[in-house]
Amino acid sequence: MITGIEIKRKMVHLATLVIPVGYALTTDQTLLTFLIPFFLVYLAVDLLRHFHKGLASLFQEHFFGRVLREKEKPTLMGSTFFLFASILTILLFPKPIAIVSLLILILSDTAAALVGKAIGRISIFGKTLEGTMAFIFTSLLIVWIYPDVDRFSGSFAALGAALIELLPIPLDDNLTIPLIAGAIMFYGMG
């Protein structure tokens, strides 16, 4: 079942499309000039909420508290990992691969969550087969539609990203999905 909180989380997740779209329209230097300082401030706030009671209270009551998952409360937020992964992905991979990797994270992860919660019945590692299939389908669609990406290695990247999203790995999938997808496409190109 999709809750109102989950819809809000996915709306925030979709709002991050501004990063790959912004990157497509600018240069990595332009985007990183904004993204790195924003990430550092965001990381500082995320860390301070664990040590400053006033900030923790303000954070919980007025900002992200309602959409924060239980597993994020004692650690960094998924959005902090997303910003860090965006920077690393842009720095490590050629522009088309970086953009596709970020699109897979944003769109395919959103599709997996919504489909899994709405119609998911078959459970695998705490996720659903239906959600995983939605992840694979949207990832393949992104790879096959986006120009300048090798379709063969991109298809393997879609499958690798789906696997990394499905498996109960202790690292946040906002970090692992784009880096795994990017690495498979980059090294699969030849």
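The values are calculated or read from the model by the stated rules, or taken from the named source; none is laboratory data. Please read these numbers as outputs of a predicted model, since none were measured by experiment. Counting neighbours? That spans all protein chains shown, and the Cβs are built from the backbone with ideal geometry, glycine included.
Does Gly54 satisfy being at pLDDT below 95 and part of a helix (DSSP H, G or I)?
Spelling it out, Gly54 is indeed at pLDDT below 95 and part of a helix (DSSP H, G or I).
Any residue that is in contact with a Phe, Trp or Tyr (Cβ under 9 Å, 6 or more places away or on another chain), at pLDDT 75 or above and either assigned to a loop (DSSP other than H, G, I, E, B) or on the phi > 0 side of the Ramachandran plot (or both) - is there at least one of those in the stretch 10-25?
Yes, the stretch 10-25 contains a residue that is in contact with a Phe, Trp or Tyr (Cβ under 9 Å, 6 or more places away or on another chain), at pLDDT 75 or above and either assigned to a loop (DSSP other than H, G, I, E, B) or on the phi > 0 side of the Ramachandran plot (or both).
For the structure I just gave you, tell me whether Ile180 is more than 19 Å from Leu35 (Cα to Cα) and in contact with a Leu (Cβ under 6 Å, 6 or more places away or on another chain).
no
Suppose we keep only residues that are free of Cβ contacts under 8 Å to residues at least 24 places away in the same chain and not in a helix (DSSP H, G or I) within the stretch 149-189. Which one would you say is surrounded by the fewest Cβ atoms within 10 Å (Cβ to Cβ)?
This residue is Pro170.
Residues to consider are Ala112, Ala181, Ala118, Ala161; find the one that is touching a strand residue (DSSP E or B) at 6+ places or on another chain (Cβ under 9 Å) and under 25 Å from Met77 (Cα atoms).
Just a single option satisfies the conditions, and that option is Ala112.
Kindly indicate whether Val143 is assigned to a helix (DSSP H, G or I), β-branched (Val, Ile, Thr), over 26 Å from Ile36 (Cα atoms) and touching a Lys or Arg at 6+ places or on another chain (Cβ under 8 Å).
So Val143 passes the test.
Residue by residue, here is whether (1) over 17 Å from Arg9 (Cβ atoms); (2) crowded, with 19+ Cβ neighbours inside 10 Å; (3) modelled with pLDDT under 95; (4) of a type outside the set (Val, Ile, Thr) holds:
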site	(1), (2), (3), (4)
Leu114	no, no, yes, yes
Leu129	yes, no, no, yes
Phe135	no, yes, no, yes
Leu141	yes, no, no, yes
Pro147	yes, no, yes, yes
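Hey, Pro37 hits all of (1) modelled with pLDDT of 95 or more; (2) surrounded by 19 or more Cβ atoms within 10 Å (Cβ to Cβ) but one; which does it fall short on?
All conditions are met except number (2).
Take the residues of the stretch 80-112 that are polar (S, T, N, Q) and crowded, with 22+ Cβ neighbours inside 10 Å: which is nearest to Ile19 (Cα to Cα)?
Taking the candidates together, the pick is Ser86.
Among the numbered conditions (1) out of contact with any Leu (no Cβ under 6 Å at 6 or more places or on another chain); (2) within 20 Å of Ala15 (Cβ to Cβ); (3) touching a residue at least 60 places away in the same chain (Cβ under 8 Å); (4) of a type outside the set (Gly, Ala, Ser), tell me where Phe93 comes up short.
Condition (2) is where Phe93 drops out.
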